[in-house]
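Asks: Can you read through this structure? Questions will come right after.
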Number of protein chains: 2
Amino acid sequence: MGDEGTTTDGRRVRGQRRRAQIIEATLTVVRRDGAAGVTHRAVAKEAGITTSLTTYYFATLDDLLVAALTEVADTYTEHIRRIMDTSDDPVRDFAALVAASAGEGRERALAERELSTLAARRPALRPVARRWRERVADLAWLRTSDPRAVEVFVAVSEGLCAAILLDEGRADPEHVRAVLERALAGG
Amino acid sequence: MGDEGTTTDGRRVRGQRRRAQIIEATLTVVRRDGAAGVTHRAVAKEAGITTSLTTYYFATLDDLLVAALTEVADTYTEHIRRIMDTSDDPVRDFAALVAASAGEGRERALAERELSTLAARRPALRPVARRWRERVADLAWLRTSDPRAVEVFVAVSEGLCAAILLDEGRADPEHVRAVLERALAGG
DNA sequence: AGACAACTAGAACCATCGTACAATTACTTC
DNA sequence: GAAGTAATTGTACGATGGTTCTAGTTGTCT
C-alpha cells in the first residue's frame with residue numbers, strides 16, 4: 001500500500017529517493033541489530049531524519065520490513081544475474097559469494113537470513129523469497145538439465161550459508177565450490 | 001547464569017518443574033507468534049503464572065530464549081537418535097520428519113528456524129545449533145563414509161526445510177526422500 | 001518449633017515504541 | 001507571485017515491555 005512511483009514527473013522523484021534512503025537505513029539496522037531492532041525510531045536515527053518521516057513513507061513497520069526484504073532480494077538477484085552474464089565459471093563465483101558470508105559479507109548474510117525467516121510467517125513476502133531461490137536455480141540450470149540436481153543445488157546453497165553463519169567464519173571458497181559441484185554432479 | 005539444578009535434594013525439584021513449564025510456555029509462544037512475540041508477560045500468561053516468576057527463573061529474556069532453543073535442539077536430537085536406533089530405513093523416516101514441516105509440524109519447524117536464526121547472533125547458542133547439525137550428520141554417516149557426501153546431506157536437509165517453509169505446504173515425503181538420497185549418492 | 005532458603009504474588013518504575021496529528025516548510029504549477 | 005500539493009517537523013497519547021522491589025508463602029532441615 002501507499003505505493004507511488006508510477007508517475008515520472010519531478011514531484012515523486014524526491015520521494016522515491018527518501019524511500020530508498022529509508023530502506024537503506026533499515027537494512028543497516030537489520031545488519032547491526034537484527035530484524036528485532038527495526039523500529040521507526042531506530043531507522044529514523046540511522047537515516048538522520050525524524051520519526052514521522054518513516055511513518056510517512058511506510059505506514060506500518062511491516063511495510064518497511066517488506067520493502068527491506070524486497071530490496072535485499074533484488075540486490076541478490078542482481079548479483080547472481082551479473083555472475084551469470086559475465087563469469088566464465090558461474091559456480092566458482094557463486095561459491096565465492098556464499099563463502100563471503102563468513103567474512104566481510106557476514107552481516108549482509110545475517111540480514112538476509114533474518115528477513116527470509118520473517119518471510120515464512122508473512123504470506124506477502126513468500127513470493128519474494130521464492131523468486132530469490134529461483135535465481136539460484138537459474139544458475140544451476142546452466143550446468144545441468146536434471147531438475148532434481150537443481151533442487152539439490154538450491155537446497156545445498158541455502159544449507160551451506162546457514163552452516164557458515166553458525167560455524168563462526170571458517171569458509172574456504174574452494175571448499176564451498178567443491179560441495180556445490182558435488183551437488184550438481186550427483187548420481 | 002543463575003543455574004541451579006546440581007543439587008538433587010527435594011528443594012530444587014519444584015523449581016526445575018517450574019523451569020520446564022516456563023520453557024514449554026515459551027515454545028508455545030514462539031510457535032504461535034514467533035520469537036519476536038516472546039515477552040515475560042506473554043510467556044507468563046501462557047503458563048498461567050505471574051510475570052515475576054519468569055524473571056525469577058530467567059533473569060533476562062535472553063536467558064529464556066537460550067533455554068528454549070536448547071530445549072528444541074534436545075528434542076530434535078532425541079528424535080533423530082530414536083530414528084537411528086529403531087528404524088530399518090533411517091533416511092526414509094528422516095525425510096518424513098522433514099516433510100512434516102509442511103503440515104502438522106509446520107509451527108514446530110518455524111519455531112526451530114527462528115530460534116536457529118537467533119543462534120547466529122548469540123555465540124552462546126552456536127554450540128547448541130552445531131550439535132543439532134552433527135546429529136543429522138550422524139544419520140548420514142550410517143549410509144556413507146564420504147565426508148563430503150555427509151556435508152551435502154546436512155546442507156540439503158537444512159535447505160529443504162527452508163524451502164518447505166516458504167513454499168506453503170507442498171512437500172511429499174517421497175520426494176524429500178528422493179532428494180536426500182541423491183545428496184547421499186553424489187558423484 | 002524455629003530458622004532459613006526457596007518460591008510466589010502483586011504492584012510499580014521507567015524506558016521504548018507505534019502511531020496520530022497539527023503546524024510548518026519546500027516545491028511545482030499556473 | 002498566488003495557490004495548491006508534497007514533504008517534513010515536533011510533539012504527544014496510549015500501550016507495552018523489561019526489570020525491580022517488597023511482602024508474603026511454602027517447604028526443608030535441625
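Asks: When you scan region A:19-49, how many residues do you find that are among the aliphatic types (A, V, I, L, M) and farther than 22 Å from B:Gly37 by Cβ?
Replies: Total meeting the criteria: 8.
Asks: Here is a follow-up. Could you please find all residues in region B:135-157 being under 12 Å from B:Ile83 (Cβ atoms) and among the β-branched types (Val, Ile, Thr)?
Replies: The one that is under 12 Å from B:Ile83 (Cβ atoms) and among the β-branched types (Val, Ile, Thr): B:Val136.
Asks: Right, here's the next one. Going by the conditions given, is B:Ile22 without any contact (Cβ under 8 Å) to a residue 40 or more places away in the chain and either crowded, with 20+ Cβ neighbours inside 10 Å or not in a helix (DSSP H, G or I) (or both)?
Replies: Criteria not met by B:Ile22.
Asks: Name the residues in region B:114-156 that are more than 7 Å from chain A (Cβ to nearest Cβ) and hydroxyl-bearing (Ser, Thr, Tyr), would you?
Replies: B:Ser116, B:Thr144, B:Ser145
Asks: While we're here: For region A:168-187, what are the residues that are among the acidic types (Asp, Glu) and more than 7 Å from every other protein chain (Cβ to nearest Cβ)?
Replies: Residues satisfying the conditions are A:Asp172, A:Glu174, A:Glu181.
Asks: Identify the single condition in (1) under 17 Å from A:Thr75 (Cα atoms); (2) surrounded by 15 or more Cβ atoms within 10 Å (Cβ to Cβ) that A:Pro127 does not satisfy, given that it satisfies every other one.
Replies: Condition not satisfied by A:Pro127: (2).
Asks: Is at least one residue of region B:65-81 within 16 Å of DNA strand C (Cβ to nearest atom), more than 14 Å from chain A (Cβ to nearest Cβ) and not basic (Lys, Arg)?
Replies: yes
Asks: Still on this structure, please answer the following. Is one or more of the residues making up region B:148-164 open to solvent by 20 Å² or more (accessible area, probe 1.4 Å), more than 20 Å from the chain's Cα centre (by Cα) and at negative phi?
Replies: yes
Asks: As an exercise: evaluate B:Gln16 against (1) at pLDDT 95 or above; (2) out of contact with any helix residue (DSSP H, G or I) (no Cβ under 7 Å at 6 or more places or on another chain) and give the number of the one condition it does not meet.
Replies: (1)
This table checks each residue for (1) of a type in the set (A, V, I, L, M, F, W, C); (2) away from chain B (no Cβ under 14 Å).
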{"residue": "A:Gly15", "(1), (2)": "no, yes"}
{"residue": "A:Arg18", "(1), (2)": "no, yes"}
{"residue": "A:Gln21", "(1), (2)": "no, yes"}
{"residue": "A:Ala25", "(1), (2)": "yes, yes"}
{"residue": "A:Val29", "(1), (2)": "yes, no"}
{"residue": "A:Asp33", "(1), (2)": "no, no"}
{"residue": "A:Ile49", "(1), (2)": "yes, yes"}
{"residue": "A:Tyr56", "(1), (2)": "no, yes"}
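Asks: Only helices (runs of 4 or more DSSP H) wholly contained in region A:40-105 count here; list those with 3 or more residues that are out of contact with any Ser or Thr (no Cβ under 6 Å at 6 or more places or on another chain) and more than 13 Å from DNA strand D (Cβ to nearest atom).
Replies: Of the helices (runs of 4 or more DSSP H) lying wholly inside region A:40-105, those with at least 3 residues that are out of contact with any Ser or Thr (no Cβ under 6 Å at 6 or more places or on another chain) and more than 13 Å from DNA strand D (Cβ to nearest atom) span A:61-86, A:90-99.
The values are calculated or read from the model by the stated rules, or taken from the named source; none is laboratory data. Fair warning: this is a prediction, and the values are worked out from it, not measured in the lab. Cβ atoms come from the backbone with ideal geometry, glycine included; neighbour counts cover every protein chain shown. For accessibility, only protein heavy atoms count, side chains too; no ligands or nucleic acids. Shrake-Rupley method; radii C 1.70, N 1.55, O 1.52, S 1.80 Å.
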